[in-house]
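Each remark here refers to the structure printed beneath this line.
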Amino acid sequence: MNGQNDTGAVERLRAGDKAAFDQLMRAHGSAVYRYAWAIADGQDQVEDLVQDTFLTLWRRRRRVTLIGDSVLPWLLATCRFTAFNANRRRRRTSTVPLESVEHVVAAGDDQAPHDDLRWVADEIARLSDRDQKLIVACIVQGHPYEDAARELGISAASARKRMQRVRERLRAAQLKEES
């Protein structure tokens, strides 16, 4: 990626060497920052993503895996997962602002915005009970497939395949709805 050999620094990092951590942060900080900028939901999240990525590097220093001679791929993957988890957490706890609800009511709009997506609820209602529970666990509650699968008594691979089929079904229903 950047041609830098991080093997020695990572070995020292694993032993708890803070100077090695600083060396890796200086060597890869700007690349992680640019990557975080590209994947963050908002500009205000970039600094947090970078800090969380390097904090994870320190916390997991004994388990860091080098790809070739560079720790950068590990850092970028960690940044991506950190962003994904932060976005999922924020979306799960976000609510519709009261002002937008008041605006729809004040406008006297007979069709609320969620009515445009009634077909999604209808499609989900047609799914098996197990698939509906899987959707709730993975999409609504944000649980990983492994956790949801364990709760439902199925394998993680089965959960992924079921979710893939559900997504395909919803895409087909969406195309039908749009036509």
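The values are calculated or read from the model by the stated rules, or taken from the named source; none is laboratory data. Please read all numbers here as calculations on a predicted model, not as lab measurements. As a convention, Cβ positions derive from the backbone with ideal geometry for all residues, glycine included, and neighbour counts pool all protein chains shown.
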Only one of these is surrounded by fewer than 13 Cβ atoms within 10 Å (Cβ to Cβ), over 27 Å from A38 (Cα atoms) and either modelled with pLDDT under 85 or outside the structural domain of Q45 (by TED's automatic domain parsing) (or both): R91, R118, R150, R167. Name it.
R118
Pick from the stretch 121-156, criterion outside any loop (DSSP other than H, G, I, E, B) and β-branched (V, I, T), ranking: farthest from the chain's Cα centre (by Cα):
I124
Counted residues in the stretch 1-32 being hydrophobic (A, V, I, L, M, F, W, C), part of a loop (DSSP other than H, G, I, E, B) and without any contact (Cβ under 8 Å) to a residue 40 or more places away in the chain come to 1
If I ask for residues that are surrounded by fewer than 18 Cβ atoms within 10 Å (Cβ to Cβ) and not polar (S, T, N, Q), which ones from the stretch 60-75 would you list?
R60, R62, R63, L66, I67, G68, D69, P73
Could you pull out the residue among R126, R130, R162 that is modelled with pLDDT of 85 or more, of a type in the set (K, R) and closer than 25 Å to N85 by Cβ?
R162
Selection count, the stretch 37-59, where residues are more than 13 Å from L72 (Cα to Cα) and surrounded by 18 or more Cβ atoms within 10 Å (Cβ to Cβ):
5
Output the residue which, of all residues in the stretch 33-70 that are under 17 Å from the mean Cα position of the chain (by Cα) and touching a residue at least 40 places away in the same chain (Cβ under 8 Å), is farthest from Q4 (Cα to Cα).
D41
